Amino acid sequence: MTSSGSNSSPTELAEALNEYRIVPPSRAYINVPTAMLVMERDLGTATEQRVTLPNTTSFAGENTILLRAQTTRSASGTRLVLRDVLAQFGGTPSPFSNITDSALTARSDQYGDITYTVARPGGDITCVLAFRRAQTGGRALPRGASALDLMMRNCVSGSVDTALAPLGPTAFGLGLPRVGG
């Protein structure tokens, strides 16, 4: 990940004009068996989804995965640029603020890199702010999509591995069973 000088999203007007609509969990671009709600909106050059995850901690805030199916017109190269990603997803969620590239760690799996930072607000609560750019090979995406950008805020009682699990390899396989159907 690298920083850039841009502060606004190229889809800022479309974001202001287009509301999310609720879609079935089966329409999510990744497998999220614990999804409580999946919402989607069309931004013209990109399609965005918001997946709400459970938050069983006492820490305030919403655990979410924000996904944007990028076309070659809306994607910025092959690498995620931190400032651009934060702009496209509306900024940094709590408890993360003033995040910089130097605060990020990365790990890899067969679907690419997960770049993340960790906050421990108290007790056994672990919060992650994680980013990922996935190519389209593992999941069906809208026509013309060339990449899938993801940003997740997830606070859990437990480890970093537990907090990062929703963006792990099982998110990208096809045909995995979903909880409750």
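The values are calculated or read from the model by the stated rules, or taken from the named source; none is laboratory data. Predicted, not measured: the structure shown is a model, and the values here were computed from it. When the accessible area is computed, the model is the full protein with side chains, heavy atoms only, and any ligands, DNA or RNA have been set aside. Shrake-Rupley method; radii C 1.70, N 1.55, O 1.52, S 1.80 Å.
For the reader, a short list of remarks on this structure follows.
- Single match in 76, 108, 8, 3 (criterion: under 14 Å from residue 133 (Cα atoms), open to solvent by 20 Å² or more (accessible area, probe 1.4 Å) and at pLDDT below 85): 76
- Check on residue 124, farther than 23 Å from residue 24 by Cα and at pLDDT below 95: yes
- So residue 19, is it assigned to a loop (DSSP other than H, G, I, E, B), modelled with pLDDT under 90 and of a type in the set (D, E, K, R): yes
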